[in-house]
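Enquirer: The following block contains the structure, expressed as structure tokens.
The values are calculated or read from the model by the stated rules, or taken from the named source; none is laboratory data. Since we're looking at a predicted model, the values are computed, not measured. We place every Cβ from the backbone using ideal geometry, glycine too, and count neighbours over all the protein chains shown. Accessible surface is based on the protein model in full, side chains and every heavy atom, while ligands, DNA and RNA are left aside. Shrake-Rupley method; radii C 1.70, N 1.55, O 1.52, S 1.80 Å.
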Amino acid sequence: MTQIHCAALLFDMDGVLIDSTPAVARVWRRWAIERGFNPEEVVARAHGRPSLTTVREYLPNANHEVENREVERREIEDLDGVVPLPGALDLLDRLPEDRWTIVTSCTRALAEVRLKAAGLPLPRKLITSNDITYGKPHPEPYLKGASVLGFPPADCIVLEDAPAGVRAGRAAGAKVIAFKTTTQESALREAGADWILNNCADIALLNHGKDLKVTLRT
């Protein structure tokens with residue numbers, strides 16, 4: 001057991017709070033096949049990054065906004081199997097609402113739909129791909145996440161499941177908890193994760209005052 005103190009928690013969404021992996025894989029696999037790309041490769045590269053980034057990489061000469069809207073439309077419509085991951089709802093319910101937010105590579109519309117489908121609360125201040133210029137692994141998403149809560153990034157803990165997100169959190173100056181929900185432990189360690197857990201069920205909130213005090217079941 002490891003005890004840590006922090007000012008706030010910055011959660012990624014898919015793979016940290018929500019299991020949307022089957023839906024994401026279905027959408028990107030179909031998109032890849034229709035456009036003549038290797039579906040397994042596309043699905044792997046799409047995880048943890050804004051969909052627009054993936055579209056631009058694979059179709060550099062296409063109308064990126066149109067392609068991205070089509071991907072978003074399909075993801076919003078495909079909510080089969082979108083469920084909360086273990087411990088997510090309990091942890092969010094215990095946290096003071098001004099001490100946590102979600103920093104996701106999804107668009108705002110998609111994030112809100114998935115959170116509702118999974119039965120999870122919407123944070124007061126949500127950071128999505130609509131709010132940033134540079135996606136993960138750039139530090140901008142987590143710098144903005146810390147900023148909207150009013151805390152320095154160094155006082156925050158980022159919770160991630162993808163190497164790109166881990167690198168974004170570390171580049172922002174935060175400590176990072178990584179979950180083994182979608183990525184092998186070795187890749188998370190290589191990306192720089194400070195702690196590696198199974199999921200939110202391995203985190204217990206002991207108290208909250210000036211700082212959050214949490215226990216990690218490492």
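Enquirer: Find which of 92, 18, 181 sits farthest along the positive direction of the dipole of the chain, computed with +1 on the beta-carbon of Lys and Arg, -1 on that of Asp and Glu, about the Cα centre.
Expert: 92
Enquirer: Another question about this same structure. When the dipole is taken about the Cα centre of the chain, and only Lys, Arg (+1) and Asp, Glu (-1) are charged at their Cβ, what size is it in debye, to the nearest 20?
Expert: Values: 27 positive and 30 negative charges, 64 e Å.
So the dipole magnitude of the chain works out to roughly 300 debye.
Enquirer: Over the chain, what is the mean sequence separation of C-alpha contacts under 8 Å (at least six apart), divided by residue count, expressed as relative contact order in percent?
Expert: Taking the mean separation of contacting Cα pairs over the length of the chain, I get 28 percent.
Enquirer: Could you pull the Rg and Dmax for the chain, using just the Cα atoms, both in Å?
Expert: Reported Rg and Dmax, both Å: 16.5, 54.
Enquirer: Another one. Leaving out ligands, DNA and RNA, and with a 1.4 Å probe, what % of the accessible surface on region 63-114 is carbon or sulfur? Numbers along the way, then the final one.
Expert: Working: 1160 of 2400 Å².
Answer for region 63-114: carbon and sulfur cover 49 percent of the accessible area.
Enquirer: Okay, next question. Using only the Cα atoms, what convex hull volume per residue in Å³ does region 120-186 have?
Expert: Dividing the Cα hull volume of region 120-186 by its residue count gives 93 Å³.
Enquirer: Which value, in debye to the nearest 20, describes the size of the charge dipole of region 19-112 about its Cα centre when Lys and Arg Cβ atoms bear +1, Asp and Glu Cβ atoms bear -1, and nothing else is charged?
Expert: Numbers: 13 positive and 18 negative charges, 60 e Å.
The calculation lands at about 280 debye.
Enquirer: Continuing with this model, one more query. What is the Cα centroid distance between region 91-147 and region 189-218, reported in whole angstrom?
Expert: Each part reduced to its Cα centre gives a spacing of 18 Å.
Enquirer: Quick check on packing: order 131-143, 200-212 by the mean number of other C-beta atoms within 10 Å, highest mean leading. List each step's numbers first, then the result.
Expert: Values: 131-143: 19.4, 200-212: 15.2.
Order by mean packing, descending: 131-143, 200-212.
Enquirer: Right, here's the next one. Between residue 154 and residue 41, 0.36 nm times their residue separation minus their Cα-Cα distance comes to what?
Expert: 37.3 nm is the gain from fully extending residue 154 to residue 41.
Enquirer: Still on this structure, please answer the following. Modelling each spin label as a point 7 Å along the Cα-to-Cβ direction, I'd like the residue 130/residue 201 distance in nm, to one decimal.
Expert: 3.4 nm
Enquirer: Treating cross-link reach as a plain straight distance, find the lysines whose alpha-carbon is under 21 Å from the alpha-carbon of residue 136, omitting any fewer than eight places away in the same chain.
Expert: 125, 144, 175, 180
Enquirer: Given a Förster radius of 35 Å and the C-beta distance between residue 116 and residue 190 as r, what FRET efficiency does 1/(1 + (r/R0)^6) yield to the nearest 0.05?
Expert: Values: r = 35 Å, r/R0 = 0.99.
Between residue 116 and residue 190 the formula returns 0.50.
Enquirer: With every protein chain kept in place and ligands, DNA and RNA left out, what is the accessible area per residue of the chain? Probe 1.4 Å, answer in Å².
Expert: 45 Å²
Enquirer: Find how much the distance from residue 211 to residue 2 grows on full extension, using 0.36 nm per residue of separation minus their present alpha carbon separation; answer in nm with one decimal. Walk me through the intermediate numbers first.
Expert: Working: separation 209, 0.36 × 209 = 75.24 nm, distance 1.59 nm.
Gain in length upon complete extension: 73.6 nm.
Enquirer: Here's something else I'd like to know. Using only the heavy atoms of the protein chains and a 1.4 Å probe, how would 20, 129, 147 rank by accessible area, largest first?
Expert: Working: 20 5, 129 30, 147 85 Å².
Putting 20, 129, 147 in descending order of accessible area: 147, 129, 20.
Enquirer: Once the Cα gyration tensor of region 72-134 is found, what semi-axes does its equivalent ellipsoid get, as square roots of 5 times the eigenvalues, in whole Å, sorted largest first?
Expert: 20, 17, 8
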